[in-house]
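First the structure, in the form of structure tokens, and then the observations on it.
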Amino acid sequence: MPTKFRHIVIPLVATATLSSLTGCASVNEKLSAGMGDYVPQWAGGLPRDAPPRPGTPEYDQFMKERERRRQMPAAERDKETQSNANAQAAAPAR
């Protein structure tokens, strides 16, 4: 391959490679934001007790419940936590 041709081809190939990789990065950024919700926990997904995503109706309900518990006296909060743990232990596993 002639030297002048190499000086032209190598930068063009490098530019094309970098531009294709940056395109993949932007796609992956958008996909990865929502894909974690669908990956099972054993494969590295979100745990079952993870809070809901901000901006959803479940998140607003979660924050109201969290604020309600924060304002409760500690003794009542402990009793409620124990009763919830007992109810979850008695529930059948899926």
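The values are calculated or read from the model by the stated rules, or taken from the named source; none is laboratory data. Only a predicted model underlies this, so the values are computations on that prediction, with no experimental measurement involved. Glycine also receives a Cβ, built like all others from the backbone with ideal geometry; neighbour counts cover every protein chain displayed. Side chains are part of the model used for accessible areas, which takes the heavy atoms of the whole protein and leaves out ligands, DNA and RNA. Shrake-Rupley method; radii C 1.70, N 1.55, O 1.52, S 1.80 Å.
Data table
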item	result
Pair list, Cβ under 6 Å, 6 or more apart: the stretch 39-65 residue small (Gly, Ala, Ser), other residue assigned to a loop (DSSP other than H, G, I, E, B)	45/36; 45/39
Which numbered condition residue 45 misses (of (1) outside any helix (DSSP H, G or I); (2) open to solvent by less than 80 Å² (accessible area, probe 1.4 Å); (3) at pLDDT below 75)	(3)
